[in-house]
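Structure, as structure tokens:
Just so you know, all these numbers are worked out from the coordinates, no wet-lab data involved. In this text the structure is predicted, and so the values were computed from the model without any measurement. Quick reminder, even Gly has a Cβ in these numbers, built from the backbone with ideal geometry, and neighbours come from all protein chains shown.
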Amino acid sequence: MNLKISLRVRWVKPTLERIVQDVQDLPALPQIVEQVIRVTEDPDSTVKELNDIICQDQALTARILRLANSAYYGFPRRISTVVEAIVILGFNTIRNLVLAASVYDLLSREVPGYQLGKGELWRHSIACAMAARLLARQVRFPAPDQAFVAGLLHDIGKIVLSVYMQDAYLEIINTVKEKRIPFSQAEKDVLGFTHAEVGAKVAEKWNFPVPLVEAIAFHHEPTRARENARLTALVHIADAICMMMGIGLGGDGLCYPVFPEALSLLGLQQGIIEELIDRLSDLFVDKNSFLDATK
Ligand SMILES: [Fe+2]
Ligand SMILES: [Fe+2]
């Protein structure tokens, strides 16, 4: 009698309640982020007010200065105080820096389910944020800073789904190959959720505005965006650019199509992708700065 037992164990899908609980268990954004958002949105705020809020947190201050002096901002002179950073970089950039510094710990974790080593999701996220902002400026999108934030957080759902993904990964990859579907669709078939959907739940937990939630939810299916389709298209293309540049590819990076509708919605031609890769390669010249920026 053949006693061979099939090793193909069927993956048990996580329930919606379980995913919601996992999202709730993620840390809240530090209060300082809310204060900084409030102050930077008020045109009557002063440099001193913003400086006083940021300087309450010494670790955050050190990270912000490291980020400000990193290759991302390419500023030629060393910035050594928060006041200097505010005056030179402006309120909007400082708000982005505070947010980036606050999510650094979360995003720099190892994400084994998606085959991302320590620091790789951070590199991918900050590169996507920079690419989205650059692209936003190029197409005269009215809120390039919103594009930065959406780019920074687009893959945050991977942190939550990683734990389930570890067992499901092979089945998902096989589904991608057999059915010739994008990775996110296979994620949905096998796990019941995509990292984009789960990321949107994280953005809701952090009370982000609807266009940001939508851009995270649909970054792999930009034609589904309704609230601010241009923002979603920006993140979609920025993400594709980072994958083409090989920044934080992980296990799924090459399994997504680029939607031509996203390019046409922004009035862009295909050639823009190569042009942006060239410009970003100069910006990301020191690859180690992705990791070192906020240590
Ligand atoms: Fe993604
Ligand atoms: Fe991504």
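Separation of the alpha carbons by more than 21 angstrom is noted, of LYS13/LYS205; LYS158/LYS179; LYS158/LYS205; LYS13/LYS158, for LYS13/LYS205; LYS158/LYS179. About its Cα centre, the chain has a charge dipole of approximately 560 debye under the convention of +1 per Lys or Arg Cβ and -1 per Asp or Glu Cβ, with nothing else charged.
For every helix of n ≥ 4 consecutive DSSP H residues, a contribution of -39,500 (n - 2.57) applies; sum these over the chain, divide by its total residues, and give [θ] at 222 nm rounded to the nearest 500 deg cm²/dmol.
On the way: 16 runs with 184 residues, N = 295.
Counting only the DSSP helices, I get -19000 deg cm²/dmol.
Estimated at 0.36 nm per residue, the fully extended path between ALA28 and GLU204 surpasses their Cα-Cα distance by 62.2 nm.
Take the Cβ atoms of LYS48 and ARG137, set R0 to 35 Å, and the FRET efficiency comes out at 0.75.
The residues packed around VAL258, meaning those with a beta-carbon under 14 Å from its beta-carbon, carry a net charge of -4 if Lys and Arg are +1 and Asp and Glu are -1. Near PRO112: Cβ cut-off under 12 Å, other residues only, Lys/Arg at +1 and Asp/Glu at -1. The net charge is 0. Here the Karplus curve 6.51 cos²θ - 1.76 cosθ + 1.60, taken at θ = phi - 60°, turns the phi angles of segment 234-244 into couplings of 4, 5, 4, 6, 4, 4, 4, 4, 5, 5, 5 Hz, with x standing for Gly and Pro.
What is the ratio of the Cα radius of gyration of segment 222-282 to 2.2 N^0.38 Å, with N the residue count, to two decimals?
1.12
With the highest mean first, a sort of the peptides 34-41, 242-249, 128-135 on other beta-carbon atoms found within 10 angstrom per residue produces 128-135, 242-249, 34-41. At full extension, SER264 and GLU110 could sit 51.9 nm farther apart than now, given 0.36 nm per residue minus the alpha carbon distance. Note on segment 189-267: dipole from Cβ charges, positive end direction compared against LEU263, ASN207, VAL235; the farthest Cα belongs to ASN207. May I ask you to derive the FRET efficiency for LYS118 and ASP278 from their Cβ-Cβ distance with R0 = 22 Å, giving the value to the nearest 0.05? With a Förster radius of 22 Å, E is 0.15. Could you state the number of Å between the C-alpha centres of segment 19-84 and segment 160-188? Using only Cα atoms, the two centres lie 36 Å from each other. Approximating the spin labels as points 7 Å out from Cα along Cα→Cβ, the LEU170-to-VAL83 distance works out to 6.1 nm. Put +1 on the Cβ of every Lys and Arg and -1 on every Asp and Glu Cβ in segment 28-107; which of THR46, LEU29, LEU106 then has its Cα farthest towards the positive end of the dipole? Going by the Cα projections, it comes out as LEU106.
Backbone geometry of segment 208-225 corresponds, through the Karplus equation with coefficients 6.51, -1.76 and 1.60 at θ = phi - 60°, to 3J(HN,Hα) couplings of 6, x, 3, x, 5, 4, 5, 4, 6, 4, 10, 5, 9, 9, x, 6, 7, 5 Hz, x marking Gly and Pro.
In terms of packing, defined here as the mean over residues of other Cβ atoms within 10 angstrom, the peptides 147-156, 109-118 line up highest first as 147-156, 109-118. Hydrodynamic analysis of the chain uses the Kirkwood radius over alpha carbon pairs. Inserted into Stokes-Einstein at 25 °C and 0.890 mPa s, it gives a translational diffusion coefficient of 124 µm²/s.
Anyone know which of VAL47, VAL198, VAL235 comes out most mobile in the 10 Å Cα GNM of the chain? Judging by the Gaussian network model, the answer is VAL47. Coupling constants for segment 116-128 follow from the phi torsions by the Karplus curve (6.51 cos²θ - 1.76 cosθ + 1.60, θ = phi - 60°), and in residue order they are 10, x, 4, x, 6, 5, 4, 4, 5, 5, 6, 5, 5 Hz; glycine and proline get x.
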